[in-house]
1. Among the residues of the range 96-114, count how many are surrounded by fewer than 23 Cβ atoms within 10 Å (Cβ to Cβ), within 14 Å of the chain's Cα centre (by Cα) and of a type in the set (S, T, N, Q).
2. Hey, could you check the range 126-141 for residues that are within 14 Å of the chain's Cα centre (by Cα) and surrounded by fewer than 20 Cβ atoms within 10 Å (Cβ to Cβ) and say which is modelled with the highest pLDDT?
3. Can you tell me which of (1) within 20 Å of Tyr125 (Cα to Cα); (2) at pLDDT 55 or above; (3) of a type in the set (Val, Ile, Thr) is the one Ile33 doesn't meet?
4. Out of the range 71-85, which residues are part of a helix (DSSP H, G or I) and either free of Cβ contacts under 8 Å to residues at least 12 places away in the same chain or closer than 18 Å to Tyr54 by Cβ (or both)?
5. Which condition does Tyr83 not pass, out of (1) at pLDDT 95 or above; (2) in contact with a helix residue (DSSP H, G or I) (Cβ under 7 Å, 6 or more places away or on another chain); (3) not small (Gly, Ala, Ser), if it passes all the others?
6. Take the residues in the range 43-70 that are assigned to a helix (DSSP H, G or I) and surrounded by 14 or more Cβ atoms within 10 Å (Cβ to Cβ), then tell me which one is modelled with the lowest pLDDT.
Amino acid sequence: MIRNLTLILFLLYQVSTFACLNESRILLNGKFIISDEESLVPYGHLYYQNRKEYEKELVEVYNSWKKEKNIEDYSDYGVILVYLGEYKKALKVFQEIETLKPGLYATAANMGTTYELLGNNKLAYDWIKKGIEIDKNSHDGSE
């Protein structure tokens with residue numbers, strides 16, 4: 001019995017979570033770089049195939065943010081940082097967005113996801129809960 005329980009706990013510990021990010025990026029040519037879509041994987045995303053493409057897009061989005069001051073560009077910059085594994089940098093971006101324009105669903109959800117990826121489940125839960133309070137129907141209610 002104890003051995004079975006240990007095995008179950010071990011297997012549950014190994015299960016990955018599927019955190020959601022919220023981005024707004026569509027290239028000028030109309031191509032989606034990252035987009036929620038219907039697929040075999042619920043709420044899956046289209047991803048660039050290699051790191052260099054993300055790094056190129058990171059520069060483009062950052063330059064657009066600096067020029068236009070469009071908060072969605074800055075949010076997308078944070079999302080791409082997450083995709084690149086730069087969680088602490090991304091968190092700083094989302095925190096700054098929350099200061100500049102508080103109460104956005106995407107910011108709350110993205111901060112929750114980033115905290116989860118950093119291993120801070122308490123803050124992850126708090127921010128995802130805040131995101132749900134802002135928009136309970138986001139991601140078809142799957143947040």
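1. Total meeting the criteria: 0.
2. Checked the range 126-141; the qualifying residue modelled with the highest pLDDT is Ser138.
3. (1)
4. Glu72, Asp73, Tyr74, Ser75, Asp76, Tyr77, Gly78, Val79, Ile80, Leu81, Val82, Tyr83
5. Tyr83 satisfies every listed condition except (1).
6. Among those residues, the one meeting the criterion is Tyr54.
The values are calculated or read from the model by the stated rules, or taken from the named source; none is laboratory data. Nothing here was measured: the structure is a model prediction, and the numbers come from that model. We place every Cβ from the backbone using ideal geometry, glycine too, and count neighbours over all the protein chains shown.
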